[in-house]
Amino acid sequence: MNCTEASMDALRRRGDELADATVATLFERGEVGKFNTLMRYVSTAGAPLPDGLPEVAREYLEATSVPPAWVDWGEMEKARLFFIDNNVHISTALSFASMPACYVVPHVARLLSATHGLKYPSKRMAETGQFTVYLMQPGAFEAGSRFIPAAQKVRLLHASIRHHLKRENRWDTEALGVPICQEDMIGGQMFFSLLVLDSLHRLGIHMSTEGAEAYFYAWRVVGAMLGVDQDAVPQDLDQARRFLDLYMIRHMGPSEEGAHLTRQLIDLYEEIVPGTFFDPIVSALVRHLVGDTCADWLEVPRTPWDTVVKAVPHLLGALETIEDRSPLGAWALDRLGHLTTVLELSSLTRGRVMHYAIPEQLKRDYGISRAVPQKRRWTPPAPSVTGQL
């Protein structure tokens, strides 16, 4: 995999040909509403497609109904076990590192505002959490699972955002590239894989190389299901590090949308945390995991808990000792982790199932300005950007 400024520039000009063509046809024929209505009944892999589904949608769903032929199922099982063993830590990293990392890329923050709107942060987080849980369930790619239909819908959701922004002339493609381009999709894949692993390390979680590589591999499979060009995707953790460092150097910086989205994320999780005494720990965790530079860009408030959070690795180390020495303790902690993850997701979804529908329009109150954000380039103070993120 060749990772250079030129190769990254080329990726900025490309979307997802199959999904883009499908969405364009649905809009041209006025069939988006029918598609969304019927697809609410398609939630498990292998289920019969409903009568009346637009033919172009049926062809897309049949073409994307199976995982790539190259998938190593042994690696996928290792990834699932890694998730079970670290589910709370992974959920923490996704919420307080991966999502803020998206917000520290100005044009991505803008895209996220376009996708869900600045008024509905819980929907954005709930969709991300539900998608990850579906991925790490036993038999995620088998008949009856929920992951494949979710991936198919998310892929079309991305295509619909590209369609709307370009059709309504609300995105400067010449300056910014294609909305949700291949470079950004791969960058997002790195946020949810490599950056999660970095965050677990910062939290003091001990991981085997085998487990970390399997988790990264699982997100390679996810990328393939979401229309990412596999010839351009990092194949291992070393390549992933080079890609993510260059991606962040090219794009990271402050933005109003990024700060706003971060404030919403903090407010959302402060509502989930019982009482008010522990509320500042949310901001402290974000700052601890993304680093002071990015936290300041995102206007994450400083709190007295910033120092306290640094003791988290010691607490987690003690819990890991219990797991290592007691099979019963390991079982109890795994169950507690599972219940905590389920409770967090339930709080975000409020008991609802996320359907990942294609938006028929992007509302003007979604916070997208017509002005093109200035492209910032940041010179890192150290060789590895992601070491600070």
### Message
Once the cut-off is 18 Å, how many percent of the Cα-Cα pairs in segment 97-228 end up in the long-distance tail?
### Response
59
### Task
Return the loop-located chymotrypsin sites (Phe, Trp or Tyr not before Pro) in segment 1-80 (DSSP other than H, G, I, E, B) with at most 16 other Cβ atoms within 10 Å of their own Cβ; answer none if there are none.
Tyr41, Trp70
## Note on the structure
Quick P(r) readout (segment 1-105; Cα-Cα; 10 Å bins; whole %) gives 11, 23, 29, 33, 4
### Summary
Dividing the surface of the Cα convex hull of segment 226-310 by four yields a projected area in nm² of 7.7
### Message
Can you give me the distance in nm between label points at Glu299 and Gln137, each placed 7 Å from the Cα along the Cα-to-Cβ direction?
### Response
3.9
### Summary
Note to self: with every protein chain in place and a 1.4 Å probe, segment 66-217 gives an accessible area per residue in Å² of 31
## Note on the structure
Per DSSP, the loop-located chymotrypsin sites (Phe, Trp or Tyr not before Pro) within segment 197-287 having at most 12 other beta carbons within 10 Å are Phe277, Phe278
## Note on the structure
Whole-percent carbon and sulfur contribution to the accessible surface of segment 157-208 (1.4 Å, no ligands, DNA or RNA) stands at 52
## Note on the structure
Using a 1.4 Å probe on heavy atoms of the protein chains only, the accessible area for Arg302 in Å², nearest 10, reads 150
### Query
Considering only DSSP states other than H, G, I, E and B, which GluC sites (Glu not before Pro) in segment 146-217 qualify as loop sites with at most 14 other Cβ atoms within 10 Å?
Glu168
### Query
For the pair Glu62 and Met207, how long in nm is the line joining their label points, each one 7 Å along Cα→Cβ?
4.0
### Query
What distance in nm separates the simple spin-label points at Asn2 and Thr25, each placed 7 Å from Cα in the Cβ direction?
3.4
### Task
Note the full-extension length gain between Ile84 and Arg13 as 0.36 nm times their separation in residues minus their Cα-Cα distance, in nm to one decimal.
21.8 nm
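The values are calculated or read from the model by the stated rules, or taken from the named source; none is laboratory data. What you are looking at is a predicted structure, and each value in this text was computed from that prediction instead of being measured. We place every Cβ from the backbone using ideal geometry, glycine too, and count neighbours over all the protein chains shown. Each accessible area value is taken on the protein alone, full model and side chains, heavy atoms only, with ligands, DNA and RNA left out. Shrake-Rupley method; radii C 1.70, N 1.55, O 1.52, S 1.80 Å.
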